[in-house]
Structures are given as C-alpha cells and as structure tokens.
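This report concerns only the one structure given below.
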Amino acid sequence: MAVRVVFLGKLADLANAAELELEAPLDWAGLLDQLHGPLGEAVAAEKVKLALNGAVLADKTQLSAADGDEIALLPPVSGG
Amino acid sequence: MAVRVVFLGKLADLANAAELELEAPLDWAGLLDQLHGPLGEAVAAEKVKLALNGAVLADKTQLSAADGDEIALLPPVSGG
Amino acid sequence: MARDVRLIDAPFEPASYVEQFTRAHPGLGGVCTFVGEVRSDDDVEALELSHYEPLTLAGMEDLADAALERFDLMGILILHRVGAMAPGEPIVCVSACARHRRDAIQAVDFAMDHLKSDAWFWKREKRGGTWSWIEPRDQDHADLARWQ
Amino acid sequence: MARDVRLIDAPFEPASYVEQFTRAHPGLGGVCTFVGEVRSDDDVEALELSHYEPLTLAGMEDLADAALERFDLMGILILHRVGAMAPGEPIVCVSACARHRRDAIQAVDFAMDHLKSDAWFWKREKRGGTWSWIEPRDQDHADLARWQ
C-alpha cells in the first residue's frame, strides 16, 4: 500500500490530478520533495491546510503518514 | 337604507351578533344610545377603534354616518 | 408578480403557493419561507381567527409594500388563514425571494413580526370546550420595536 | 429525526425534502426554510462545487449540532449540492422547525452564514467558456462575526 494524497480546489489544477499515490512512510519534507514547482509552493503556503485521515493537523509540518493513510491538501475554502 | 354596524372580536360576543343595522343618519351619541349595558361601555372604551367604510377614524366621537355607510367597531387586535 | 397577498378561508397547502411563487421569479438568488402552524400545546382544541376584510387585507398589502421598500426583494408572498382551524393546520405563510439571502430572510422576519402583532386579526381559542379571546401580548411590542 | 444533513450530487427538489422533514415534526409552531439557487447573473454559465467528504459532511453535521444547541429547535435539515450546476438549480436548502418562529428563522440565518463562509467547499465558475476558482470574500467574515 501507499499514502493517498488528495488535492482540493486550485491545487488539483496545479497537480493536474485530483489525487496521487506516494510511497509510505511520508513526512512533510518527503511530501514537498515530490511536489514540484508551483504545486509545491502552493502547498507550502501558510493558508493551505493539511488533513490526515479526515483530521486537520494543527501544524502540517508535523505530518507523519503510514501505509493506507490519506492526506488531503486544502486551500482556503470559498464556502457553499 | 341604513347604517351597517360590524362588531369584531369580543364585541361580537357582547352584541350577540356579528352585525346590526341602525337608522341613518348616525353620529357617536346616536350610536352609543342604541348600544346598551356592557356592549355600550366596551365600545366607548378608549382602546376600541372605529372605522367608517374601511377607514379608521382618528377620533371616533366625530362619527357621522349616512345611508349605506358601514361602521366597524374594533377592539385591540390579537394579531395573526 | 412582485406582491401576492391573500386571506384564505379554508385549509391550504403552503408548498403549492410557494412553488408557484418561486417559479415566477427565475434567476433569484434565494427564497426564504416561513410557515406557521396552529400549535397543539396547552390543550388547545381549536383556534378561530376573525378579520375585517377592508382593514385586514389592506393592512397585509401595506405590509408587503413596506417589506418591498425596505429590503431588496424580487417578490413577496403573504398568505393568512381566517376562520376556524385545528392544531397542526397552517395558519400563515410568508415567502420572500431576493438576489441576496439576507434580504429574503430579513423580509420574512419583518413580515412575521408585524403579522403576529399589529395585523387586523382577532383570535380566540377553545380549551375544554370553552372559547376565550386572546389578548395582545407584551412580546408583540418588543417584536415590533426591533424594526423601528 | 432531529438532524438531517446531506451532500447531494445531482439536481434535487428542495420541496420534497422539506415536506418530509415538516411532516416528521407534528405539533411544531413553525418551519423556516431557505433555498439558494445558482444565480444567473454576470454571464455565469456553470458552477462547480468540490468537496472533501470526510471534512465537508462532518463540518455540516457539526454546524447542525451547533444550531440545535444554540436555538430551541425541534429539528434541522441541511442539504448541499456538490458537482457541476447550471444557473437556476438549487444549491443549498436549510430548514429548521421550532415551537417559536424566532428560533426557526435565526437558526436558518445562522446556518446559511456558516455554510456560505466556512464550510469545506471549493467553488469555481465558468464564464465565457473559462473556469476560474472563487476566492473567499471579506463579506463572509462579516457574516460570521454576527454570531460571535
């Protein structure tokens, strides 16, 4: 298995994909290493939040994902 | 023809009728003369308003009704 | 169809009026609707609403106009039952549509406060087989003061 | 059935959900409903709402619970469309029933302000054949501040 990474909003445009599978284990540095160019910069921006298995992390740099985990990368919401 | 007098709310109970026909012409004193007992007292009370042909009079004692006119006696509303 | 105001003397289905009203305003941002029913609390067996049409209907029309003037609406619907009603029956329906939701919601709130307090209705309730007239409530004055 | 919260991925008829919701609460005093439609202004050809279900649905459920705690309600219904929509299609429906009208109206106002600003949705519009993402608006923060 692997870590599933889900891109929301404009991040999906930058990634050219709604999701991606990356190898486990995965930490914040490992994630950024694999997201290049504008996508990596956008994900690193302070206002982008990160959820691990449906729970938003208070500090996304503390990410620690294992096999079967799901990461969601969340730009600011535009609301309903 | 005559003057039609319509009783609303609890005034209809006191009048034992929803409406009444009185002879024209009719002024405030003439109206009170023909409404006896508790009904007359209730109608005279300050908070009871009087409409002549659908328009509420600023001063009900200035009533002056002619043949074919309709008077409505209006206790305080209870709202919808 | 910016203003639709009616007194209704028999049981009615608010949804059918609201649907027609909504369809008459394509491109609206939103529609807010309040439906009040006769409450079944306190052993009330029946409710009877008297009205005096020349004042009651004209007053509701004036209220609709006041809402149209005060809020940015595409339309307003005000329906009110008169006559004898059983608990659970709809008694009032106000619906407002607007490009922006706050106007629609506030217009409904505004119209309901006015209908419940200073509309030309006289109300009596039947409990234990006995009818009694409902007096105006202090709360009604507080409701109106919100809009002054 | 105090809380009914759903994400809906195809066109829907708010009235049928509201009718079922209302029927499930006999003896209510009143029910307030807001239905938002995709506005047809500004040459918008289509609107697409993305969501992330583990957060989006959970957030709407938390919002329903917050409304139930804050207002004296008998029940609350929150429906939200996701996916691609055309102008004129319903996008959101909030309905609240309560013994007293102010609770129902305020709960709808409260839920709509929160849904429109801090719910987990990402929105893009198509104009002139081109899609663009919608940024958060300052007005949204003002809307939320009303409830703090």
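All of the numbers you see were taken from the coordinates with simple rules; none came from a lab. Since this is a predicted model, take the numbers as computed values, not measurements. A quick note on method: Cβ atoms are made from the backbone with ideal geometry, for glycine too, and the neighbour counts reach across all protein chains shown.
Here are the numbers for the structure shown:
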{"quantity": "Shape call, the stretch D:71-148: gyration tensor on alpha carbons, a/c limit 1.5", "calculated": "oblate"}
{"quantity": "Whether chain B is rounded, prolate or oblate, judged on the alpha carbon gyration tensor where a/c under 1.5 counts as rounded", "calculated": "rounded"}
{"quantity": "Shape call, the protein assembly as shown: gyration tensor on alpha carbons, a/c limit 1.5", "calculated": "prolate"}
{"quantity": "Rounded Å value of the spacing that divides the Cα centres of the stretch D:47-111 and the stretch C:108-148", "calculated": "29 Å"}
{"quantity": "Folded to 0 to 90 degrees: helix D:53-70 orientation relative to chain D principal axis, Cα", "calculated": "40 degrees"}
{"quantity": "C:H100-B:A18 pseudo-label distance in nm [points 7 Å out on the Cα-to-Cβ vector]", "calculated": "4.6 nm"}
{"quantity": "For D:98-106, mean number of other protein chain Cβ atoms within 10 Å", "calculated": "4"}
{"quantity": "Listed residues A:V77, A:A18, A:V3: farthest to the positive end of the dipole of chain A (Cβ charges)", "calculated": "A:V77"}
{"quantity": "Alpha carbon centroid spacing (whole Å) that separates the stretch A:1-73 from the stretch B:4-80", "calculated": "78 Å"}
{"quantity": "Residue order, fewest to most beta carbons within 10 Å, for D:I91, D:I8", "calculated": "D:I8, D:I91"}
{"quantity": "Only Lys, Arg (+1) and Asp, Glu (-1) charged, at Cβ; the protein assembly as shown dipole about Cα centre in debye", "calculated": "40 debye"}
{"quantity": "Per-residue average of Cβ from other chains inside 10 Å of C:35-44", "calculated": "4"}
{"quantity": "Mean ellipticity per residue at 222 nm, deg cm²/dmol - from DSSP H runs of n ≥ 4 across the protein assembly as shown, formula -39500 (n - 2.57)", "calculated": "-9500 deg cm²/dmol"}
{"quantity": "Copy-to-copy label separations for D:E135, where each label sits 7 Å from Cα toward Cβ, in nm and ascending", "calculated": "6.0"}
{"quantity": "Nearest-first distances (nm) between copies at A:A29, label 7 Å from Cα via Cβ", "calculated": "10.6"}
{"quantity": "Proxy reagent accessibility, fewest Cβ within 10 Å first, across B:F7, D:F110", "calculated": "D:F110, B:F7"}
{"quantity": "For residues of D:137-148, the mean tally of beta carbons on other chains within 10 Å", "calculated": "1"}
{"quantity": "Dipole in debye (nearest 20) - chain A, about Cα centre, beta carbon charges: Lys, Arg +1; Asp, Glu -1", "calculated": "340 debye"}
{"quantity": "Calculated label separations, C:W147, copies of the chain, 7 Å along the beta-carbon direction, nm", "calculated": "2.5"}
